[in-house]
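The block underneath contains the structure these notes are about, expressed in C-alpha cells.
Where a number appears in this text, it was derived from the coordinates with a stated rule and is not lab data. None of the values given here were measured: they were computed from a predicted structure.
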Amino acid sequence: MKGDRSKNMKNYSYSKKMFVRIIATIVIMLVLIPKEVYGMHIMEGFLPPVWSFVWGVASLPFVIIGLISIQRKTKTNPRIKLLLGMVGAFAFVLSAVKIPSVNGSSSHPTGVGLGTILFGPASMSVLGLIVLMFQAILLAHGGLTTLGANTFSMAIAGPFVAFLVYKIVIKMRGKSWLAVFLASSLGNLFTYIVTAIQLGIAHPDPNGGVLLSIEKFMSVFAITQIPLAISEGILTVVVFNFIQQYSKSELEELNVIIKSE
C-alpha cells in the first residue's frame, strides 16, 4: 500500500515537471510562430452579425454543461486539474500552428481529440472556448465576433465526433492506439466540415448558392487538412501513451477505457 502511494506521488511529481516543460514549449512556439498570415479559424468580422449571434447562442448550452462536468470531475480528485491544464495547453499549441488555406480562414491541427478522450466532449467545449478566446485576444487568431462559430466547430462538433469514434472503436474491441488515432483525426476533419458549412451558409456562391459554396470551401480545406489530421492523430497517440504510462490513476478516476495492445 505504501509502495503504491510512493509510486503515485513519483508519477504525480513527474507529471508536474512535464507540465512545466509543456508551458515552456508553448512560450517558445508563440515566439517562433509567424503572425503575418491569414486569420486563425474564421477571422474577426468575416461572418455577418446574425450568424455570429446564431452560432454563439448554439454554443452556449454546451459550454454550460461543460462547466458543470469539469466541476464534478475536479471536485472528486484535485490532481485531475493538472491533467486538464495539460490537455488545454496541448490544444492551444496545436491549434496555433496554422497553414493558410483560404481567404477568411486557415488550416491547422485542433488538438481537441486528446482532451475529448480523457474528459469527454462537454468538458472540451469549455477548454476549446478558453483556447479560442486567448488566441483571439493575444494572438489575433480568429476573433471575438466569430468566437461562437469557432467554438461550435472546433470545441463542440469536432470533439463530439472524436468521442463517438473513440467509443465505437473501443466497443468493437479495437486497440487503444487505433481508437485514439481515428478519434483525433476524424474529429479534426469534422471540425473543418462544419467550418466549411458555416462559411458556405454565410457567403453563398452567386451562381450555385449555399451548396456550391460549401463544396468550394471543403475542397480547398481538404488540400491541407487531410495530411494535418493524420499528423495530429499520430501525435495524439504518442501523448496519450505517455499519459497512460505516467498518469494511470488519473485515467482510472476519469473512467477512461484502455485496451491492451
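Data overview
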item: Listed pairs 98/216; 75/167; 73/167; 73/171 exceeding 28 Å between Cα atoms; result: none
item: Debye intensity ratio in log₁₀ form over the Cα atoms of the stretch 117-261, taken at each q of 0.09, 0.12, 0.21 Å⁻¹; result: -0.33, -0.56, -1.30
